[in-house]
Amino acid sequence: MPPIESIQRELRSAGLDAWLFYDFHHRDPIATRVLELNGGGMGTRRWFYLIPSRGTPRKLVHRIEAGALDSLPGQKLMYASLEELNKNLPRLIGKARKVAMQYSPRNAIPYVSLVDAGTVEMVRAQGCKVMSSADLVQRFEACWSAEQFRSHLEAGKIIDGVVKEAFAHAAGQVRAKSRLTEYELQQWILAKFRENSIATDEPPIVAVGPHSGNPHYEPTAANSAPIREGDLLLLDVWGKLQRPESVYYDITWVGYMGAKIPPRYELIFQHVREARDQAIAFVRQALAKGRAVQGWQVDRAARQVISKAGYGNYFVHRTGHSIGQEVHGNGANMDSLETHDSRSIMARTCFSIEPGIYLKEFGIRSEVNVYVDGAEALVTGPMQTGILPLLAE
């Protein structure tokens, strides 16, 4: 059963009359999770579910999929024809005038902008002002339970160990002059995940040389480069426990296949490290003073460091993303580049801090996870302070 009463309290606090959920062909996974639907069924007809700030919810479903929302409480309205849909939509909405939907003005926060423009127009035609549900989504999708936080820490210990072993395995293969490709190391990591009951939605990024300059490089058996002495090796690894409602842990570390780090690599790493640490410090200082922190502000704090160093054009993605049951969660992102995320960071949410500089010859990123617990911002794993010299004696 979805937390109807909690949602209604949030609606009243936000001055909203209702939260209107809508789905068609399973296009809105947020609705599925918040309403605790099973995600099954054919989903070939539109349905609506309205939770008012006070009173009993209402639902509108098609007659040939009349049971689509039977797991949810509330009065059921049905339609078959478009005429009947248009007749019942005003009855569904009732007196609600400020209605939240999975919508974002001008698509400013695309991660929650899941309702199509035509449906928004239908609701507006009822005399409603359609508001963004972005903060409601964050409250009911991104805030962790105590058990989820524990699952994050547990997964983190395993993943930190796997990353350490992966660097050692790569170094051992290079020392032995045995061929090891990016793809083969990626598959080695996935085997370790299976051994330790770690799940992941996508395989990790394993990148050397120019490939590390591609933030979302995907090694395959066909395109993979060998890992050799003198290579910079970047590992971006994320996973979670194979347990219901567990949440992700997501980190990036870099190592060098040699004993002494080249000055150019070390210089770029230090700029990235400073940006990472400045972003974390910004969050901590604001929370300590009781100030709200918006995602774009955190991104700006990191980006200013890299821009001042002269590499602003080479930092081509946001500073961080929300982390939840999906590696890219539905809370505030640390973003003033790809979007302008004006959502405030909420207590009991987690996000990555992962600035990077991506040059033609190589790229460097350092990623940690930050969990906000009241007035504290906790880095949930170790922080890399320098490139790892993987062939050091």
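The values are calculated or read from the model by the stated rules, or taken from the named source; none is laboratory data. Computed from a predicted structure; not experimentally measured. Note that each Cβ is placed from the backbone with ideal geometry, even for glycine, and that neighbours are counted across all protein chains shown. The area values use the complete protein model at the heavy-atom level, side chains included, leaving out ligands, DNA and RNA. Shrake-Rupley method; radii C 1.70, N 1.55, O 1.52, S 1.80 Å.
The table below gives the values:
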quantity	calculated
The chain - share of DSSP beta bridges that are antiparallel (%, nearest 5)	75
Proximal charge balance of Thr319 [Cβ under 11 Å; K/R count +1, D/E count -1]	-1
Percentage relative contact order, the chain, counting C-alpha pairs under 8 Å, at least six apart	14
Of (1) -0.38, -1.16; (2) -0.29, -1.32; (3) -0.44, -1.20, the label for log10 I(q)/I(0) by the Debye sum over Cα atoms at q = 0.07, 0.14 Å⁻¹ derived from the coordinates	(1)
Translational D in µm²/s for the stretch 45-139 (Stokes-Einstein at 10 °C, 1.306 mPa s, Kirkwood Rh from C-alpha pairs)	113
Förster-model FRET efficiency, 30 Å R0, Leu359 and Ala222, C-beta, rounded to 0.05	0.75
Interchain or long-range residues, amide H under 5 Å from Leu77's placed H	Lys59, Leu60, Val61
Most to least packed among 212-218, 348-354 [average Cβ atoms within 10 Å]	348-354, 212-218
Relative packing of peptides 139-147, 236-244 - highest average C-beta neighbours within 10 Å first	236-244, 139-147
Residue-wise HN-Hα coupling along the stretch 159-165, computed from phi with Karplus coefficients 6.51, -1.76, 1.60 (Hz; x: Gly, Pro)	5, 4, x, 5, 4, 4, 5
Under Karplus coefficients 6.51, -1.76 and 1.60, residue-wise ³J(HN,Hα) of the stretch 198-215 in Hz, glycine/proline x	9, 9, 8, 6, 9, x, x, 8, 10, 9, 10, x, x, 4, 5, x, 9, x
Full-stretch length increase - Leu378, Ser81 - with 0.36 nm per residue and alpha-carbon distance subtracted	101.6 nm
Peptides 39-52, 172-185 ordered by average Cβ neighbours within 10 Å, highest first	39-52, 172-185
Accessible surface, 1.4 Å probe, highest first, among residues Arg228, Arg58	Arg228, Arg58
Cut-off under 5 Å, modelled amide H: who pairs with Leu359 long-range	Ile364
Euclidean distance of C-alpha centroids, the stretch 294-372 and the stretch 102-173, integer Å	14
Violating pairs (Cα-Cα greater than 27 angstrom) within the set Lys164/Lys289; Lys177/Lys260; Lys157/Lys360; Lys59/Lys240; Lys59/Lys98; Lys308/Lys360	Lys164/Lys289; Lys157/Lys360; Lys59/Lys240
Accessible surface, per residue, of the stretch 340-393 when the full set of protein chains is kept, probe 1.4 Å, Å²	35
